[in-house]
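See structure below.
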Amino acid sequence: MSNLRSAAAATMTLTLLTAACGTTTRDEPEHAATDTSVSTATPPTSPNGRTEETGKATTPAALRFTAQTLDGKTFQGESLAGKPIAFWFWAPWCPTCLSDAPAVKAAAAQHKDVTFIGIAGLDTEAAMKEFVQRTDTSDLVHLSDTKGAVWTKLGVSQQSTFVFMKPDGSLQKASGPLGQDGLEKHLRTLTTQ
């Protein structure tokens with residue numbers, strides 16, 4: 001009976017994870033991810049991905065998360081609400097991520113009006129810290145997402161992936177390598193209405 005329960009739990013977990021990954025193709029626009037936390041009173045979500053509470057827009061569902069930075073600080077996703085954001089999902093052993101790092105570093109230096117957040121996963125924190133040092137991207141905030149919670153929250157299932165969020169909460173995903181030109185193309189759309 002215990003094996004049957006374990007198999008059922010594993011099947012349910014796999015089903016939930018698969019459903020959260022989505023099927024977005026490269027450069028396909030996507031609305032904000034739905035909140036994957038369990039709640040009995042989840043407010044309705046509008047088409048632009050913002051939660052509607054008594055007629056006013058609040059934090060997009062995709063930004064309702066808490067994570068740890070690689071330097072051990074608590075990071076609240078809600079602190080990014082209303083800002084243009086470039087999320088960069090990477091893994092320390094990924095050659096595509098390594099090739100994207102110089103473009104990300106240069107773009108972050110050039111686009112001070114965009115908040116860049118690196119979201120590391122699929123390895124240990126020690127390997128993540130070594131990647132940041134090797135790529136000289138320590139000027140960016142990097143989150144340690146060893147359990148994949150933020151990856152799942154934003155519907156990311158592969159690295160190197162970028163999720164660009166406009167101030168209105170709308171999202172667009174792109175898989176790397178993007179290079180400097182590809183990254184620039186997406187960043188220009190973040191601040192235009």
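The values are calculated or read from the model by the stated rules, or taken from the named source; none is laboratory data. As the structure is a prediction and not an experimental result, all values here were calculated from the model. Ideal geometry is used to build each Cβ from the backbone, glycine not excepted, and the neighbour counts take in all protein chains shown. Note: accessible area is taken over every heavy atom of the protein model, side chains too, but ligands, DNA and RNA are not part of it. Shrake-Rupley method; radii C 1.70, N 1.55, O 1.52, S 1.80 Å.
Residue pairs whose Cβ atoms lie under 8 Å apart, separated by 6 or more positions or on different chains, with the first residue in region 85-103 and within 16 Å of ALA126 (Cβ to Cβ) and free of Cβ contacts under 8 Å to residues at least 60 places away in the same chain and the second part of a helix (DSSP H, G or I) and of a type in the set (Asp, Glu), are PRO92/GLU130. In the set (1) in contact with a helix residue (DSSP H, G or I) (Cβ under 8 Å, 6 or more places away or on another chain); (2) surrounded by fewer than 22 Cβ atoms within 10 Å (Cβ to Cβ); (3) not hydroxyl-bearing (Ser, Thr, Tyr), ALA109 fails one condition alone, (1).
Among the residues of region 77-89, those identified as in contact with a Lys or Arg (Cβ under 9 Å, 6 or more places away or on another chain) and closer than 26 Å to LYS129 by Cβ are GLY77, GLU78, ILE85.
Among the residues making up region 172-185, a single one is in a strand (DSSP E or B), open to solvent by 10 Å² or more (accessible area, probe 1.4 Å), in contact with an Asp or Glu (Cβ under 8 Å, 6 or more places away or on another chain) and not basic (Lys, Arg): GLN172.
Any residue in region 146-160 that is surrounded by fewer than 21 Cβ atoms within 10 Å (Cβ to Cβ) and among the charged types (D, E, K, R)? Yes. Considering each residue of region 78-85 in turn, none proves to be outside any helix (DSSP H, G or I), open to solvent by 10 Å² or more (accessible area, probe 1.4 Å) and of a type in the set (S, T, N, Q).
Of all the criteria given as (1) open to solvent by 20 Å² or more (accessible area, probe 1.4 Å); (2) farther than 21 Å from PRO95 by Cβ; (3) of a type outside the set (Gly, Ala, Ser), the one not satisfied by THR124 is (2).
Got a sec? Which of ASP123, ASP100, ASP113, ASP139 is under 25 Å from GLY82 (Cβ atoms) and in contact with a Pro (Cβ under 9 Å, 6 or more places away or on another chain)?
On the way: ASP123 fails: under 25 Å from GLY82 (Cβ atoms); ASP100 fails: under 25 Å from GLY82 (Cβ atoms); ASP139 fails: in contact with a Pro (Cβ under 9 Å, 6 or more places away or on another chain).
Just one listed residue meets the conditions, ASP113.
All of ALA86, ALA62, ALA81 fail the test of being of a type outside the set (D, E, K, R), within 17 Å of the chain's Cα centre (by Cα) and within 16 Å of LEU187 (Cβ to Cβ), apart from ALA86.
So if I check each of ALA86, ALA81, ALA108, which one is aliphatic (A, V, I, L, M) and over 16 Å from PRO60 (Cβ atoms)? Result: ALA108 is the single residue among ALA86, ALA81, ALA108 that is aliphatic (A, V, I, L, M) and over 16 Å from PRO60 (Cβ atoms). Residues that are of a type in the set (Asp, Glu), outside any strand (DSSP E or B) and open to solvent by less than 40 Å² (accessible area, probe 1.4 Å) do occur in region 91-106. Filtering region 147-162 to residues that are under 7 Å from PHE89 (Cβ atoms) and in a strand (DSSP E or B) leaves only THR161.
Filtered by the rule that a residue be small (Gly, Ala, Ser) and either surrounded by 13 or more Cβ atoms within 10 Å (Cβ to Cβ) or within 10 Å of VAL141 (Cβ to Cβ) (or both), region 57-77 gives ALA57, ALA61, ALA62, ALA67, GLY77.
Screening PRO167 on (1) open to solvent by less than 30 Å² (accessible area, probe 1.4 Å); (2) in a loop (DSSP other than H, G, I, E, B) shows it passes everything except condition (1).
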